Amino acid sequence: ARQTPGFSGADIANVCNEAALIAARKNRSSVGKQDFLDAVDRIIGGLEKKNKIMTLEEKRSIAYHEAGHAILSQHLETQDPVHQITIIPRGMAGGFTMTLPEKEKTYATKKSMYEDIVDLLGGRVAEMLKLEDVSTGASNDIQRATDIARAMVTKYGFSDRLGLVNYSDGEEVFLGKDFSTKKNYSEGIASEIDKEIREIIDVAFTEAKDILTEYIEDLEKVA
């Protein structure tokens, strides 16, 4: 149950069906706990690609990347406990770090959203600290971190500089629309929003780097 927060009844039914398929493939007469755990992994992360050929350099890069996320999750107050770390490719991901909530959350706080950003930047920071180069593996993390920072500034009134004003257009971003398509504020405000987003990301990046530098030996062990 802790592995499936936010799942609808249909999602849980899908997990049960997938677990039964996994058990059947292994010629079992009943569906066991591990089948359910594997089913959740498959639905959340996608199908395992154990036959995908990866170079040692790619494995090292993904290992440090995921270890960076895991170490930060461990040391950030609002983040959920780490449940699993893998570098076996699933779906489009080269690996992933799964955390499990200890209780259901109905809303987010300013601190938790900021620490989400710190955690998301952990993969890129770990690559920078331990490898000679960085990879494209952090592209989705950077996108998600930027989206969170933008929401903090434009939607939730978490910016002291911009105050308790909603600067989002109130529409979902779809069909090629983006935040620059329709604005209900001036170019000056747009510039301030950009500065605030950049500042949140920069501060979070520095914190991620400080934590991983402090626990560099743990980072190495996990990788």
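Is it true that some residue in the stretch 86-93 is at pLDDT below 95, buried (at least 20 other Cβ atoms within 10 Å of the Cβ) and of a type in the set (Gly, Ala, Ser)? No, the stretch 86-93 contains no residue that is at pLDDT below 95, buried (at least 20 other Cβ atoms within 10 Å of the Cβ) and of a type in the set (Gly, Ala, Ser).
Going by the structure shown, is residue 39 free of Cβ contacts under 8 Å to residues at least 40 places away in the same chain, surrounded by fewer than 12 Cβ atoms within 10 Å (Cβ to Cβ) and in a helix (DSSP H, G or I)? Spell out how you get there, then give the answer.
On the way: free of Cβ contacts under 8 Å to residues at least 40 places away in the same chain: yes; surrounded by fewer than 12 Cβ atoms within 10 Å (Cβ to Cβ): no; in a helix (DSSP H, G or I): yes.
It is false that residue 39 is free of Cβ contacts under 8 Å to residues at least 40 places away in the same chain, surrounded by fewer than 12 Cβ atoms within 10 Å (Cβ to Cβ) and in a helix (DSSP H, G or I).
Out of the helices (runs of 4 or more DSSP H) lying entirely within the stretch 112-223, which hold 1 or more residues that are at pLDDT 95 or above and under 17 Å from the mean Cα position of the chain (by Cα)? Outline the logic, then answer.
Values: elements: 122-130, 139-154, 187-214, 216-222.
Where helices (runs of 4 or more DSSP H) fall fully within the stretch 112-223 and carry at least 1 residues being at pLDDT 95 or above and under 17 Å from the mean Cα position of the chain (by Cα), they are 122-130, 139-154, 187-214.
For every residue, the table says whether it meets (1) over 23 Å from residue 213 (Cα atoms); (2) open to solvent by 20 Å² or more (accessible area, probe 1.4 Å); (3) touching a helix residue (DSSP H, G or I) at 6+ places or on another chain (Cβ under 6 Å).
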site: 95; (1), (2), (3): no, no, yes
site: 100; (1), (2), (3): yes, no, no
site: 111; (1), (2), (3): no, yes, no
site: 124; (1), (2), (3): no, yes, yes
site: 139; (1), (2), (3): no, yes, no
site: 148; (1), (2), (3): yes, yes, yes
site: 152; (1), (2), (3): yes, no, yes
site: 155; (1), (2), (3): yes, yes, no
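Might you check whether a residue that is modelled with pLDDT of 90 or more, surrounded by fewer than 18 Cβ atoms within 10 Å (Cβ to Cβ), of a type in the set (D, E, K, R) and not in a loop (DSSP other than H, G, I, E, B) occurs anywhere in the stretch 71-82? No, the conditions are met nowhere in the stretch 71-82.
The values are calculated or read from the model by the stated rules, or taken from the named source; none is laboratory data. The shown structure was predicted, so the numbers you read here are calculated from the model rather than taken from an experiment. Neighbour counts run over all protein chains shown; Cβ positions are idealised from the backbone, glycine included. Just the protein is used for accessible areas: all its heavy atoms, side chains included, with ligands, DNA and RNA removed. Shrake-Rupley method; radii C 1.70, N 1.55, O 1.52, S 1.80 Å.
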